[in-house]
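Written below as structure tokens is the structure these notes are about.
The values are calculated or read from the model by the stated rules, or taken from the named source; none is laboratory data. None of these values were measured; they are calculated from a predicted model. Note that each Cβ is placed from the backbone with ideal geometry, even for glycine, and that neighbours are counted across all protein chains shown. Side chains are part of the model used for accessible areas, which takes the heavy atoms of the whole protein and leaves out ligands, DNA and RNA. Shrake-Rupley method; radii C 1.70, N 1.55, O 1.52, S 1.80 Å.
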Amino acid sequence: MIKITFPDNSVREYESGVTPLQVAESISNRLAQEILVASIKRAADEDFVITELNQPLTEDCAIRLHKWDDAEAKHAFWHTSSHLMAEALQELYPGIQFGIGPAIENGFYYDVYPAEGQVIKDSDFPAIEQKMMELRAKKEQLQKTYITKADALKQFGDKGQHYKCELINDLEDGTISTYTQGAFTDLCRGPHLVSTEPIKAVKILSCAAAYWRGDETRPMMTRIYGISFPKKSQLDEYLTLLEEAKKRDHRKIGKELELFMFSEMVGKGLPIWLPKGTALRLRLEDFLKKIQKRYGYQQVITPHIGSKNLYITSGHWDHYGKDSFQPITTPEEGEVYLLKPMNCPHHCAIYKNTPHSYKDLPFRCAEFGTVYRYEQSGELHGLTRVRSFTQDDAHIFCRQDQVKQEFIRVMEIIEIIFRALNFENFEAQISLRDPNNRTKYVGSDEVWEKAEKAIIEACEEKGLPARVEYGEAAFYGPKLDFMVKDALGRRWQLGTIQVDYNLPERFDLEYVGEDNQKHRPVMIHRAPFGSMERFVAVLIEHTAGKFPLWLTPDQAVVLPISEKSNEYAWKVKEMLEAQDVRVLVDDRNEKLGRKIRDNELKRIPYMLIVGEKEAEQGLLSVRQQGAEEKGQMTIQQFADFVNDTVKKQMSAY
RNA sequence: GCUAAUGUAGCUCAGUGGUAGAGCGCAUCCUUGGUAAGGAUGAGGUCGCGGGUUCAACUCCCGCCAUCAGCUCCA
């Protein structure tokens with residue numbers, strides 16, 4: 001008999017050799033049907049190890065039974081799905097060779113090399129899905145077999161699986177296993193589902209080329225992506241989510257709402273802000289400027305280029321010189337300049353411009369600084385990956401003992417912003433030094449330890465959930481990055497706060513201390529939005545273009561019912577604008593229903609319907625975007641309503 | 001950068017080796033309307049750019065440019 005401990009710490013006894021599936025059956029049939037994989041921890045194990053449901057248990061252990069909701073179950077489910085897809089591909093494309101086929105964050109893929117003359121295209125996906133479902137219906141069991149290296153090489157060599165042989169060659173004899181279901185055998189470590197039967201819904205999503213083992217000198221494989229679920233309804237839900245994400249694509253909405261554009265003529269990766277997008281961005285900038293003013297920042301403006309020597313001093317030339325836009329030179333004197341890839345060197349120059357006393361610190365200078373970075377053409381993507389963008393940058397020069405307080409103050413700013421923009425869900429990542437290799441960092445152990453401690457304590461004090469990542473710090477200092485979850489649950493990295501010991505050293509920055517001696521200030525880089533481009537992109541996808549009232553380019557549109565009311569409509573606009581409400585008039589020669597529809601699609605928050613009745617009494621019929629009628633108001637009531645709502649939305653500040 | 005796909009009217013897209021089409025938008029006119037598409041007429045295109053094949057190229061071939069996806073998740 002062996003003792004098995006459950007997650008609730010209860011212990012039960014079982015015959016030695018019992019399988020996790022039997023353990024589940026002993027609890028309930030329902031559980032046995034739902035679990036996909038288990039993990040166990042024996043006395044000798046440091047942590048839980050995922051195991052298959054048919055793996056006999058022969059010693060005392062703790063067990064966890066994983067249903068679909070657990071990441072472990074999804075991983076095994078998708079891994080087995082990739083085998084099922086491979087089995088289907090083997091039938092449909094005789095002679096196909098297989099590379100690797102792992103589970104990924106959302107689904108799975110398999111890298112394959114079709115036989116001479118065969119190509120797998122999008123149009124083949126339904127056939128692959130159908131074949132997978134056919135094979136699944138056979139309820140094939142996955143059989144794990146340990147095999148010697150020599151046998152494995154022979155077995156896969158005989159089948160012409162050259163890529164598999166290459167993988168086997170890299171493995172240590174005695175650790176090699178295969179999984180077989182039906183006529184398909186794959187080199188694999190597992191773990192897997194015990195059967196392909198639970199894979200009830202599958203969708204092949206895309207195929208694209210991928211280098212064998214990520215190496216561009218090696219052959220190009222066809223990578224086929226898919227996703228699968230235990231229930232059809234889950235697949236439908238997932239596909240709906242994908243569609244919703246597509247609808248929210250900021251590139252599409254940005255075009256529809258005329259927020260920004262790109263032009264081949266201007267150059268790729270160079271976003272151009274159109275009037276409506278600019279209005280929105282300026283409102284964001286003004287909002288942040290106002291907060292920053294309260295938090296003791298001073299706004300500065302610096303040129304878009306800087307002398308090459310500036311970047312030699314900062315170290316950026318050494319680090320990024322080759323991967324930047326190349327230097328600009330003057331025609332006569334041969335002076336050399338670089339487009340600025342960062343604002344910090346300019347800000348260091350500002351700091352150096354005047355002597356500083358310890359009493360003056362922190363010195364905080366902020367700039368919406370546009371920077372230019374060379375990105376490989378294949379990396380460019382909408383507003384999220386561009387070659388010119390504006391950082392809501394600021395640099396705080398402070399004493400070491402002020403670091404924690406400054407972090408807390410920056411975190412407050414970030415919180416205000418996230419709240420004002422309805423990012424309810426956010427978390428932080430603390431990036432610290434690699435504990436095993438401290439040589440790659442600049443600055444003394446002492447200051448690093450202080451700074452790392454300051455960041456951790458700042459998070460604790462603010463009650464901010466933070467994940468600590470070792471080895472993720474920049475070479476010049478530890479950092480704190482902010483991740484938000486958008487309305488579809490997608491995670492985006494936005495703001496960042498970074499401590500820097502490097503630049504103060506390189507620029508020989510100093511302040512005079514209480515002791516009348518010179519000291520080195522600490523520098524903190526921070527950008528709550530990150531970049532205006534990226535932030536607006538995320539905001540568009542988060543809100544689907546329905547921006548909060550305070551931010552939206554146009555807050556209301558007046559819809560005259562007929563030409564007879566046009567004059568009143570324009571008067572309404574004028575009166576509302578006098579009270580800072582942003583209003584359009586739709587006086588096209590169209591029926592009301594049409595105007596409502598068109599303006600709904602423009603995502604304007606309020607429609608003000610005015611006809612003869614309203615004109616007589618100085619009223620508006622207010623309709624909220626999303627079909628909600630709010631009844632009639634006077635012009636003044638509506639202006640107050642908008643201004644109160646905006647004030648409320650901004651009340652975080 | 002690499003690999004594949006795509007590039008036709010302002011937008012979304014159809015189409016053919018014999019010099020182009022739809023819907024929406026736009027303009028004009030009719031209609032003067034009450035909460036998600038009223039009607040008619042019309043304008044609008046060097047079919048991404050440059051070469052080549054051909055009697056003839058938007059179509060086929062080559063090169064370039066741009067867009068999009070993947071190239072990061074490791075049997």
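Averaged over residues, the count of other Cβ atoms within 10 Å places the peptides A:122-130, A:421-429 in the sequence A:421-429, A:122-130, highest first. Taking the protein heavy atoms of the stretch A:300-401 in the context of the full set of protein chains, the accessible area attributed to carbon and sulfur is 51 percent at 1.4 Å. Note on chain A: percent of Cα-Cα distances in each 20 Å bin, starting at 0 and stopping at the bin with the largest distance, equals 15, 36, 36, 13, 1. Separation of the stretch A:473-537 and the stretch A:1-39, taken as the distance between their Cα centroids, equals 50 angstrom. Just how many % of Cα pairs in the stretch A:62-101 lie over 15 Å apart, if you round to the nearest whole percent? Distances greater than 15 Å cover 52 percent of the Cα pairs. If you wrap the tightest convex hull around every Cα atom of the stretch A:324-383 and split its volume per residue, you get 133 Å³. Based on alpha-carbon atoms, the Kirkwood radius and the radius of gyration of the stretch A:482-586 give Rg/Rh equal to 1.32. Under the convention that each Lys and Arg Cβ holds +1 and each Asp and Glu Cβ holds -1, the size of the dipole of chain A around its Cα centre is about 1140 debye. Pairwise Cα separations in the stretch A:306-441 fall into 10 Å bins from 0 onward with the following percentages, short to long: 9, 26, 36, 24, 5, 0.
Taking the C-alpha atoms only, the angle from helix A:149-158 to the longest principal axis of chain A is near 80 degrees. Take chain A with all the other protein chains still there, run a 1.4 Å probe, and you get 49 Å² of accessible area per residue.
Against the empirical 2.2 N^0.38 Å (N residues), the stretch A:209-298 has a Cα radius of gyration ratio of 1.77.
For the pair the stretch A:395-444 / the stretch A:540-608, the C-alpha centres are spaced 42 Å from each other. The solvent-accessible area of A:Trp78, taken with every protein chain present and a 1.4 Å probe, is close to 10 Å².
The Cα center of the stretch A:230-255 and the Cα center of the stretch A:72-148 differ in position by 24 Å. In this view, the solvent-accessible surface of A:Asp8, computed with a 1.4 Å probe and all protein chains in place, comes to about 110 Å². Amide H to amide H, with H built 1.01 Å from N, A:Glu335 comes under 5 Å of A:Thr330, counting only residues 5 or more places away or on other chains. Over all pairs of different C-alpha atoms, the stretch A:421-552 has a mean inverse distance whose reciprocal, the Kirkwood radius, equals 16.7 Å.
In the structure shown, do any of A:Lys67/A:Lys139; A:Lys232/A:Lys546; A:Lys573/A:Lys630; A:Lys571/A:Lys630; A:Lys268/A:Lys290; A:Lys247/A:Lys602 have a Cα-Cα gap over 23 Å, and if so which? Correct reply: A:Lys232/A:Lys546; A:Lys268/A:Lys290. Please give the helix A:232-247 orientation as an angle from the longest Cα principal axis of chain A, in degrees from 0 to 90, rounded to the nearest 10. Once rounded, the angle reads 30 degrees.
Using Stokes-Einstein with the Kirkwood hydrodynamic radius over Cα pairs, what translational diffusion coefficient do you get for the stretch A:176-251 at 4 °C and a viscosity of 1.567 mPa s, in µm²/s rounded to a whole number? The Stokes-Einstein estimate is 83 µm²/s. In units of the rule-of-thumb radius 2.2 N^0.38 Å, the stretch A:350-398 shows an alpha carbon radius of gyration of 1.68. Normalised by the number of residues in chain A, the mean separation of alpha-carbon contacts (under 8 Å, six or more apart) gives a relative contact order of 8 percent.
Considering helices alone, the calculated mean residue ellipticity of chain A at 222 nm is -10500 deg cm²/dmol, with DSSP H runs of length four and up weighted by -39500 (n - 2.57) and normalised per residue.
Taking every alpha-carbon pair under 8 Å whose residues sit at least 6 apart, the stretch A:237-323 reaches a relative contact order of 13 percent. Just the number, please: carbon plus sulfur as a percent of the accessible area of the stretch A:41-155, 1.4 Å probe, no ligands or DNA/RNA counted. On the stretch A:41-155, the fraction of accessible area on carbon and sulfur atoms equals 49 percent.
What the pair-distance distribution of the stretch A:132-231 shows, using all Cα-Cα distances binned every 5 Å from zero, is 2, 11, 16, 18, 20, 19, 11, 2, 0 percent.
If you take all other residues with their beta carbon under 11 Å from the beta carbon of A:Ser177, and give Lys and Arg +1 and Asp and Glu -1, the sum is +1. Report, in degrees rounded to the nearest 10, the 0 to 90 angle that the Cα long axis of helix A:71-92 makes with the longest principal axis of chain A. Value to nearest ten degrees: 70.
Label point of A:Met575 set 7 angstrom out along Cα-Cβ; within the stretch A:615-636, amide nitrogens under 13 Å from it belong to A:615-621, A:633-636. Working value for the stretch A:26-131: equivalent-ellipsoid semi-axes of 35, 15, 12 Å, each the square root of 5 times a Cα gyration tensor eigenvalue, largest first.
Principal axis extents of the C-alpha atoms in the stretch A:431-489 (largest first, rounded to whole Å): 42, 23, 16.
Computed from Cα atoms alone, the Kirkwood hydrodynamic radius reported for the stretch A:254-368 is 17.2 Å.
Between A:Val557 and A:Leu584, A:Tyr606, A:Met607, A:Leu608, the built amide H atoms are under 5 Å apart, and every one of these is 5 or more places off in sequence or on another chain. Shown here for the stretch A:56-153: trypsin sites (Lys or Arg not before Pro) in loop regions (DSSP other than H, G, I, E, B) with at most 13 other Cβ atoms within 10 Å, namely A:Lys121, A:Lys138, A:Lys139.
Our compactness index for the stretch A:584-653, the C-alpha radius of gyration over the empirical 2.2 N^0.38 Å, is 1.20. Applying the criteria of a DSSP loop state and at most 10 other Cβ atoms within 10 Å to the GluC sites (Glu not before Pro) of the stretch A:502-566 yields A:Glu514.
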